[in-house]
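Below are the structure tokens for one structure; questions will follow.
Every number in this text was worked out from the coordinates using simple rules, so none of it is lab data. The structure displayed is predicted, hence computed values, not measured ones. Glycine also receives a Cβ, built like all others from the backbone with ideal geometry; neighbour counts cover every protein chain displayed.
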Amino acid sequence: MRKNLRVLFLGDIVAANGRGAVMRCAPLLREVLALDLLCANAENAAHGFGLTPKIAEGLLESGLDLLTSGNHIWDQPQIIDYLRENPTAPILRPLNMDSAPRNPLPGRGYADLEIAAGKRVRVINVIGRVFLEACEHPFFALEELISASAPMEDGLDALLIDFHAEATGEKLSLARLCDGRASALLGTHTHIPSADTCILPKGLAYQSDIGMCGCYDSIIGMDSEKVVERYLKHIPRARLEPARGVASLSGIFIEIEATTGYAKYVEPFRLAANETGMLRTSLPEECLPYKQELQRMLSGD
Ligand SMILES: [Fe+2]
Ligand SMILES: [Fe+2]
């Protein structure tokens with residue numbers, strides 16, 4: 001009998017404390033959850049802004065299979081040449097940023113991964129158009145890459161979409177369009193996990209936003225005082241800095257049915273560094289015996 005596919009997708013990794021927590025926990029999470037695939041959005045991994053090649057390589061070496069991104073992908077200039085020179089690196093930038101076929105952007109918006117036991121998984125990264133810079137329509141960009149029926153009928157064991165967007169209505173609309181055509185659509189970008197983890201009627205796992213891997217005693221991972229000052233004054237004086245403190249992890253755990261490629265089971269994954277803070281722990285059952293060990297790993301103790 002074919003084994004169902006087990007996936008953990010983590011939300012935006014913010015700064016050194018976020019990526020340290022992810023890198024320390026990744027090996028144990030892989031083992032405990034018997035993961036076939038571990039992905040994360042890494043658009044804020046470099047001090048809150050973008051991703052450097054060295055940071056990307058460190059995250060991948062720690063046990064992540066693939067990194068997605070979003071509007072901050074070009075914040076660190078070194079990543080531009082790196083993606084141009086390493087077109088097959090498992091690092092995605094939003095697919096629909098590329099609107100000039102004669103002058104294509106570096107990098108790619110999707111990857112087909114061969115994972116254990118010969119399974120084939122496609123991961124696509126698209127970006128929204130509401131309250132973000134103009135880009136191609138995410139659904140029209142997606143259409144060539146997703147079949148009109150179950151992922152299995154397209155020769156895929158799973159098809160996952162990271163929809164990096166601000167507006168919940170836009171995220172839900174794309175999810176409804178993709179229901180029955182993909183395994184999961186996960187929102188990233190707002191850094192705050194939403195409480196709507198579900199499987200839509202035709203088998204698509206969905207959550208409007210899967211949260212961030214960063215310090216939650218903050219404003220979306222950044223030092224609260226400096227962000228508040230920005231909102232109070234018209235001239236931003238202080239550059240935003242990542243919040244200091246122990247990072248928590250947030251994402252989504254999905255089990256995908258081997259025979260169809262649709263989601264069979266879905267659960268939020270939230271490992272809080274501090275039980276009285278903004279994030280409350282909510283873990284798949286298999287992680288519960290390891291909760292304290294994982295929490296110690298967050299801070300590196
Ligand atoms: Fe982000
Ligand atoms: Fe973003």
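Please give me the summed charge of the neighbours of GLU43: other residues whose Cβ is under 13 Å from its Cβ, Lys and Arg +1, Asp and Glu -1.
Values: positive: ARG19, ARG93; negative: ASP12, ASP75, ASP162.
Once positives and negatives cancel, what remains is -1.
Could you work out the local net charge near PRO106, counting Lys and Arg as +1, Asp and Glu as -1, over the other residues with Cβ closer than 13 Å to its Cβ? Before the final figure, lay out each step's value.
On the way: positive: ARG84, ARG93, ARG108; negative: ASP81, GLU85, ASP98.
Result for the neighbourhood of PRO106: 0.
Can you list the residues, at least 5 places off or on another chain, whose amide H is less than 5 Å from the amide H of GLY128, using H built in the peptide plane?
HIS164, ALA165, GLU166
A further question on this structure: I'd like the FRET efficiency for GLU293 and CYS198, computed as 1/(1 + (r/R0)^6) with the beta carbon distance as r and R0 of 22 Å, rounded to 0.05. Working shown, then result.
Details: r = 30 Å, r/R0 = 1.35.
With a Förster radius of 22 Å, E is 0.15.
Please give the calculated 222 nm ellipticity per residue for the chain, where each DSSP H segment of at least 4 residues contributes -39500 (n - 2.57) and the sum is spread over every residue; nearest 500 deg cm²/dmol?
On the way: 7 runs with 70 residues, N = 301.
It comes out at -7000 deg cm²/dmol, rounded to the nearest 500.
Residues of the stretch 41-62 with amide nitrogen under 18 Å from the 7 Å Cα-to-Cβ point of GLN78?
Answer for this model: 42-62.
Amide H of LEU113 versus every other amide H placed in the peptide plane: which residues, excluding those fewer than 5 positions away on the same chain, fall under 5 Å?
Long-range HN contacts for LEU113: VAL121, ARG122, VAL123.
Pop out the ³J(HN,Hα) list for the stretch 117-129 in order, Karplus 6.51 cos²θ - 1.76 cosθ + 1.60 with θ = phi - 60°, rounded to Hz; leave Gly and Pro as x.
6, x, 7, 10, 10, 9, 10, 10, 10, 10, 10, x, 10
Subtract the Cα-Cα distance of VAL228 and GLU143 from 0.36 nm times their separation in residues, and report this length gain in nm to one decimal. Before the final figure, lay out each step's value.
Numbers: separation 85, 0.36 × 85 = 30.60 nm, distance 4.05 nm.
Net length gain for the segment: 26.5 nm.
What does the extension gain come out to for ALA34 and LEU60, with contour length at 0.36 nm per residue minus their alpha carbon separation? Can you show the working numbers first?
Details: separation 26, 0.36 × 26 = 9.36 nm, distance 1.77 nm.
Full-extension gain reported as 7.6 nm.
Then there is this: Taking R0 as 45 Å, what FRET efficiency do you get between ARG244 and GLU153 from their Cβ-Cβ distance, rounded to the nearest 0.05?
Details: r = 49 Å, r/R0 = 1.09.
Here the calculated transfer efficiency is 0.35.
Under the 0.36 nm per residue contour assumption, what length would be gained going from the current alpha-carbon distance of GLU85 and THR276 to full extension?
Details: separation 191, 0.36 × 191 = 68.76 nm, distance 4.52 nm.
My answer for the length gained is 64.2 nm.
Could you tell me what percent of the DSSP beta bridges with both partners in the chain are antiparallel, to the nearest 5? Before the final figure, lay out the partial values.
Working: 26 of 53 bridges.
The answer is about 50 percent antiparallel.
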